[in-house]
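S.K.: Please read through the structure below; I'll follow up with questions.
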Amino acid sequence: MTKVRTRFAPSPTGYLHIGGLRSALYAYLFAKKQGGDFILRIEDTDQQRHVEGAEDVIYNTLRETGLIWDEGPDVGGAYGPYVQTERRAIYQKYADELVERGGAYRCFCTKEELDRRRAEAEAKGETFKYDKHCLGLSEAEIREKIEAGLPCVIRQNVPESGQASFDDLIFGQITVDCATLDDNVLIKADGLPTYNFANVVDDHLMAISHVMRGTEYLSSTPKYNLLYEGFGWEKPQYIHMSPVMRDEKRKLSKRDGDASYDDFIQKGYLKEAIVNYIALLGWNPGTEQEKFSLEELVEAFSLEGMSKSPAIFDPVKLTWLNFEYIRALDPADYRAYALPWYEKAGLAGWDYGILDRILQPRTEIFSQIPDMVAFLVAMPAFDASLYANKKSKCDPALAKELLPQEMALLEGLPDWNETAIHDALMQFAADQGRKNGQVLWPLRIAIAGQAVTPGGAIEILALLGRDESLRRLQESMAALGA
RNA sequence: GCCCAGUUCGUCUAGUGGCCUAGGACACCGCCCUCUCACGGCGGCGACACGGGUUCGACUCCCGUACUGGGUGCCA
């Protein structure tokens, strides 16, 4: 059996979006599961849409997420070059060969003329199809036009009748009538190949065993098989993957402002969570396991679990998975991720130990940290009605009664640390015959100024320190008239 | 328009003719725990696109319709 070889073949036209990353992931998983090779090829034949630096984004993202390629532009390999613009001569040679074999022909019709006819056909509600006009040109006529310097493309010569088909490992057999197929351009006037030609030549020459790509190629693949037949080449296996959608109608795309991989990282998502989530978008392991490391994904991956229908990207579920990963982080790793956000929030130099402890179990995305701790940096204005809480059996009147006593108690503490504060307050509650909630609720409100806080009164007192705690208490009591 | 696909809770999905009064996860709601929130525990809401067949029996097979996606480029 020949070695499994898959490839990820992105166009360097911008940032790597989530859908592209998922395609790369599946191609990687499929190859690695079977001990095969994963190849990276850059498809840059469209010079118009090329974006500077886009290749680096691709390299960096794949490396970061652990999708390490065995062959590619930067690491080389036995089937290079791996950048299509560096393979010009190869395509030219094979195109000439295909012309010889009758599978393609030179065409001198101008783009303008064809565009006009296409528009005309469209206006009439018809499908435009090239009429094979140049197929009838004689050798002499062709030579004459070339010598005259007329621009020329090479078109695929599709049979006018019969059927073309292929077997897809996910979708099964796909068959189309050749009559519905057009004689597409294989080599453009600029000498570069179109995707239609380059992908076939490259996949064959690079010995790709399984062509994995999006379903947008599902209906044109029969046509590509005609090319393989024209050359007498062995066809690869095909695996078409359904797209990731933004909603029912739109595909996920950077153009529509959908987040790219980099955007998610910057917002404080963990790469492990992103990879895990997109793996599950359109694939299921056949078990109820939901958390997978990349290694576990390789182990569990199978085409059986691939879905045929498009999957809608759900940021809420991604966030949940991210939360799971953050909670499972080693404390030291959590600190490393959180530190920049603490600093951004204005908490540089605070007691990171307490911050980690109250925040790690509550952080879904790191970018939430500044909002969660804003009350520590600046005391929010609040209304006395916040002292009212049914479950804690507390109201403004009770707050007014207890707060001064608690203030006095805290003022008298010899040491200001969590244990000391905790013990003193618990003792106070016991002495007063009060529920813990009655003592702690008003205190927390008085020093935090908001109903919901990460952590409780004791942690917050410890974080704020004695001076700031007492200052806030004083201020809140004054507002209460206590 | 024509061609190729797809269609199970709001979302991701399980389901390959009887195991389905359709299972899980996220979200949502309720209760418990609790100084708030979160965590955790328990419970709830919620789907086979529609219509015909085939069959003793259909979410599962066939046909049609609807809807969605893709293609119909000297884009990929």
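The values are calculated or read from the model by the stated rules, or taken from the named source; none is laboratory data. A quick note: this is a predicted structure, and the numbers were derived from the prediction, not measured. Note that each Cβ is placed from the backbone with ideal geometry, even for glycine, and that neighbours are counted across all protein chains shown. The area values use the complete protein model at the heavy-atom level, side chains included, leaving out ligands, DNA and RNA. Shrake-Rupley method; radii C 1.70, N 1.55, O 1.52, S 1.80 Å.
S.K.: Per DSSP helix of 4 or more residues, -39500 (n - 2.57); summed, then divided by the residues of chain A. What does that give at 222 nm, rounded to the nearest 500?
M.R.: Helices in chain A give a 222 nm mean residue ellipticity of -14500 deg cm²/dmol.
S.K.: Of the accessible area of the range A:75-136, with the probe set at 1.4 angstrom, what percent is carbon plus sulfur?
M.R.: Using a 1.4 Å probe with all protein chains present, the range A:75-136 comes out at 49 percent carbon and sulfur.
S.K.: Starting from the Cα of residue A:391, draw a straight line to each of the lysines and keep only those under 24 Å, dropping any in the same chain fewer than 8 residues away.
M.R.: Of all the lysines, those that pass the test against residue A:391 - Cα under 24 Å, at least 8 places apart if same chain - are A:400, A:435.
S.K.: Hey, can you rank A:191-201, A:412-422 by average C-beta count inside 10 Å, highest first?
M.R.: For the peptides A:191-201, A:412-422, the packing ranking is A:191-201, A:412-422.
S.K.: Calculate the radius of gyration of the Cα atoms of the range A:140-272 to one decimal place, then report Dmax, the largest Cα-Cα distance, as a whole number, both in Å.
M.R.: 19.3, 66
S.K.: Amide H to amide H under 5 Å from residue A:251: which residues, 5+ apart in sequence or cross-chain, H placed 1.01 Å off N in plane?
M.R.: A:246
S.K.: Using the heavy atoms of the protein chains alone and a 1.4 angstrom probe, what is the accessible area of chain A per residue in square angstrom?
M.R.: 47 Å²
S.K.: Round to the nearest 10 and give me the degree value, 0 to 90, for the angle of helix A:457-480's Cα axis relative to the longest principal axis of chain A.
M.R.: With both axes taken from Cα atoms, the answer is about 60 degrees.
S.K.: Over 24 Å between Cα atoms: which of A:251/A:344; A:124/A:223; A:3/A:188; A:111/A:132 fall into that group?
M.R.: Violating the 24 Å limit, Cα to Cα: A:251/A:344; A:124/A:223; A:3/A:188.
S.K.: Which whole-Hz ³J(HN,Hα) couplings does the range A:448-453 yield from phi under the Karplus relation 6.51 cos²θ - 1.76 cosθ + 1.60, θ = phi - 60°, glycine and proline marked x?
M.R.: Once θ is set to phi - 60°, the couplings for the range A:448-453 become 10, x, 8, 5, 10, 9 Hz.
S.K.: Are there GluC sites (Glu not before Pro) in the range A:203-292 that DSSP puts in a loop and that have at most 14 other Cβ atoms within 10 Å, and which ones?
M.R.: Those satisfying the criteria are A:234, A:248, A:288, A:290.
S.K.: With θ taken as phi - 60° and the coefficients 6.51, -1.76 and 1.60, list the Karplus ³J(HN,Hα) couplings across the range A:197-203 in order, rounded to whole Hz; mark glycine and proline as x.
M.R.: 9, 4, 5, 5, 4, 5, 4
S.K.: Explain nothing, just compute: Karplus ³J(HN,Hα) = 6.51 cos²θ - 1.76 cosθ + 1.60, θ = phi - 60°, for every residue of the range A:133-149 in order, whole Hz, x for Gly and Pro.
M.R.: For the range A:133-149, the Karplus curve yields 3, 6, 5, x, 5, 7, 3, 5, 4, 4, 4, 4, 5, 5, 5, 7, x Hz.
S.K.: Would you mind checking the pairs A:32/A:291; A:235/A:271; A:271/A:308; A:93/A:145 and listing those with alpha carbons more than 28 angstrom apart?
M.R.: Listed pairs above 28 Å: A:235/A:271.
S.K.: A further question on this structure: Helix A:331-345 against the longest principal axis of chain A: what's the angle in degrees, Cα atoms only, rounded to the nearest 10?
M.R.: 80 degrees
S.K.: I've got another one for you. Can you check what the Kirkwood hydrodynamic radius comes to for chain A, Cα pairs only, in Å to one decimal?
M.R.: Computed over chain A, the radius equals 27.4 Å.
S.K.: For chain A, can you list the cysteines whose C-beta has no other cysteine C-beta under 4.7 Å from it?
M.R.: Cys with no partner Cβ under 4.7 Å: A:109, A:152, A:178, A:394.
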